[in-house]
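The values are calculated or read from the model by the stated rules, or taken from the named source; none is laboratory data. These figures come from a predicted structure and were not determined experimentally. Because the Cβ atoms are built from the backbone with ideal geometry, glycine has one as well, and the counts that use them run over all protein chains shown.
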Amino acid sequence: MKIRMASQGLLSRAILMAVVALVSCGQSGQARESKTTTGTDRFGRPVEIPNPTREDRIKATAPEYISNDRLRAECLGRLTFDVPVAAELEWATPRKTSHQGVFENLSQYFENGTGKGHIEIETRELRTVLAVYGPITPELREEFLGYRVRMQAASLSGLSDALKRQKEYEELYKRRPELLGPGIKESLAKDRAELEKELADIKADQYEKAIDLGRPDSMALRADLKAAKPYLRGAIVLGKHIVAFESMLRGFENYVEPTEAQWAVAEGAIRKLISQLQPRNLYEIPKDRGFCLPYAFLRDDGTYGNKISTSFRFGDSPAVIYTLSVAAIPGGGASETTLLNATGRSATGLLSHLPENTTVKQRLGPRPAKIGALTSEQGGIVVEAKRPGQPPREGYHVYTGYAGWAGSQILPTIEVVMESAARASYPKLTKDAPPYEQARPRLDALLKSIRLRPTTPPMPELVGIQ
C-alpha cells in the first residue's frame, strides 16, 4: 500500500512538472525567453538585467521602414538615420579649442556657439571623453600635437625661475642669519629639493610622460592634473579632422598614484582604443561593429559602454539645431526617465523666465511618439516673440525620448531634440528659423528613419535571432 501511494505521488509530481513545462513553453512548444538575463557591469562583475524579447530586439532595426532615392543615410553611435539629399547635413565640430585650455571642455558645438554634444566611451580600464575638431588647420594641429612640448617648455621655464628665486632667498638668509626663525632653514632646504627634483624629472622626460600610440600624426601623455583620479590625454589626426581625448583610469581610490605597471596597463588600453579609430566621410556608413562619430568611426566588439550626444543642422536652415543622444551603460545603468523629460519640456517651467513680449503659443504633449519602431514620448513648447516694426518670430524646443533597456547596446536610451536658435542670441546666424509647422515635417521624417545600423557580424544581441 505504501509503495503504491508513493508511486502515485511520484506520478502526480511528474504530471505537475509536465504541465508546468507545457505552460512555460507555450502552445508552440518553444521555451519562453526569460524576463531577465545575466550581464556584466562596468567593473566586469556579473549582474542581472532586463532581457528584451526577440520582438523587442527586432524593433531596434525598424524592419518596416523603407528609404527612398530622395534620402541618404548618416550615422551616430550605433544608429543610422536618413536626411534629405537636397539638404547638406553639418555636424557640430568646433574649429578652435576652448578658451579655458586645449584639453578643457572637450565637447561638440558649432563655430557660432549653437549646438552641443558630449562623447564618452567606457571600457574596463578607461572612461574616455572624445571630441572631434575641424576641418583641421595648421594652427589647430599645432595646438593639439604640440601641446606636450609647450607644456614641458612652460614648466621648465617656470621651475627655473622658481629655483632662481629660491636661491635668492637662501642667499638673503645667509647674509642675515638673524632672520632665520624656527624651521625656516629646513623649509628652505625642502622647497629647494622639491624644485630640483621636478626640474630633473622634466629634463629626464618623466614629467607628463609621452605615450607612443603607434599611429602617425598623434600625441599622448600622462596628464599631471593634480586631480583625484589619474588621466591620459592626447589627440590624433584623422583625415580632415582631429580627435582629442582625455581618459580617466578606472578602479583607483582618490589621490592614489598608479604604479608603473598600472600606468603600462592603462597605456596599452588607450593604445588599443585609438588603434580602433578611423576617418569617416559624411554619409559613409561602416559595416563593422562600433560607433559612428562626426567624421570618424570607432570600432568595438559591440559591448563598450557609451554616452554619445552631438548636434547637427542642415545648410538650408542653420538656425534649426537637432541634437541626437544615445546612452548604453553595460550592466544596467539606469535609463533616462523620458516621460518626465517630455512632460517637463511641455510645461512653461522650461521657459519660466520668458523674455519681454514673448508668450507661449503652443504646448506640445506630453504625447506618445515613435523613434523608428520604438514607442517613445514627446513634449515641447512653441513661443512667439513680438518685435517692434517686424512680424512676430516663433521659437520652439521639441523633445522626443525612448527610455531604452538597461544593459542593452541595441536598445539604448535615445533622445532627439529639435530647437530653434535666435539671431539675437547668436549674432553669426544669417537667418531666422522657420516657423514650427514648417520645421516639424523634417523632424517627423528624421524620427521615423532612426534605426540600429546593420553590422557584419551582427551585434551580439541579434546573433541567432534574425
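Within region 403-415, identify whether any single residue is surrounded by fewer than 18 Cβ atoms within 10 Å (Cβ to Cβ), in contact (Cβ under 8 Å) with a residue 24 or more places away in the chain and in contact with an Asp or Glu (Cβ under 7 Å, 6 or more places away or on another chain), and answer yes or no. Among the residues of region 403-415, not one is surrounded by fewer than 18 Cβ atoms within 10 Å (Cβ to Cβ), in contact (Cβ under 8 Å) with a residue 24 or more places away in the chain and in contact with an Asp or Glu (Cβ under 7 Å, 6 or more places away or on another chain), which makes the answer no.
Apart from one condition, Ala433 fits all of (1) in a loop (DSSP other than H, G, I, E, B); (2) under 15 Å from Leu79 (Cβ atoms); the exception is (2). The strands (runs of 3 or more DSSP E) found entirely in region 229-320 that carry 1 or more residues being touching a His at 6+ places or on another chain (Cβ under 8 Å) and surrounded by 14 or more Cβ atoms within 10 Å (Cβ to Cβ) are 277-279, 296-299, 305-314.
From the list Val383, Val398, which one is more than 28 Å from Ala327 (Cα to Cα) and touching a helix residue (DSSP H, G or I) at 6+ places or on another chain (Cβ under 9 Å)? From the options Val383, Val398, the qualifying one is Val383.
Among the residues making up region 363-375, those that are assigned to a strand (DSSP E or B) and either among the hydrophobic types (A, V, I, L, M, F, W, C) or touching an Asp or Glu at 6+ places or on another chain (Cβ under 9 Å) (or both) are Leu364, Gly365, Pro366, Arg367, Pro368, Ala369, Ile371, Leu374. Screening Ser160, Ser155 for residues that are in a helix (DSSP H, G or I), over 26 Å from Glu267 (Cα atoms) and modelled with pLDDT under 95 leaves exactly one candidate, Ser160. Tallying residues that are more than 28 Å from the chain's Cα centre (by Cα) and surrounded by fewer than 18 Cβ atoms within 10 Å (Cβ to Cβ) within region 433-446 yields 4. Considering Ala264, Ala220, the condition of being touching a helix residue (DSSP H, G or I) at 6+ places or on another chain (Cβ under 7 Å), of a type outside the set (Ser, Thr, Tyr), on the phi < 0 side of the Ramachandran plot and modelled with pLDDT of 95 or more is satisfied by Ala220 alone. Every condition in (1) more than 29 Å from Glu139 (Cβ to Cβ); (2) at pLDDT 90 or above; (3) loosely packed, with under 13 Cβ neighbours inside 10 Å is met by Leu179 except one, and the failing one is (2). Restricting attention to region 63-86, the residues that are at positive phi and surrounded by fewer than 19 Cβ atoms within 10 Å (Cβ to Cβ) total 0.
Please verify whether Arg393 is in a strand (DSSP E or B), free of Cβ contacts under 8 Å to residues at least 24 places away in the same chain, surrounded by fewer than 21 Cβ atoms within 10 Å (Cβ to Cβ) and charged (D, E, K, R), treating the condition exactly as stated. So Arg393 does not fit the description; no.
Every listed requirement among (1) in the same structural domain as Ala235 (by TED's automatic domain parsing); (2) in contact with a Phe, Trp or Tyr (Cβ under 6 Å, 6 or more places away or on another chain) is met by Ser218 save one, (2). Is it true that Lys96 is at pLDDT below 95 and under 22 Å from Arg313 (Cβ atoms)? Criteria met by Lys96.
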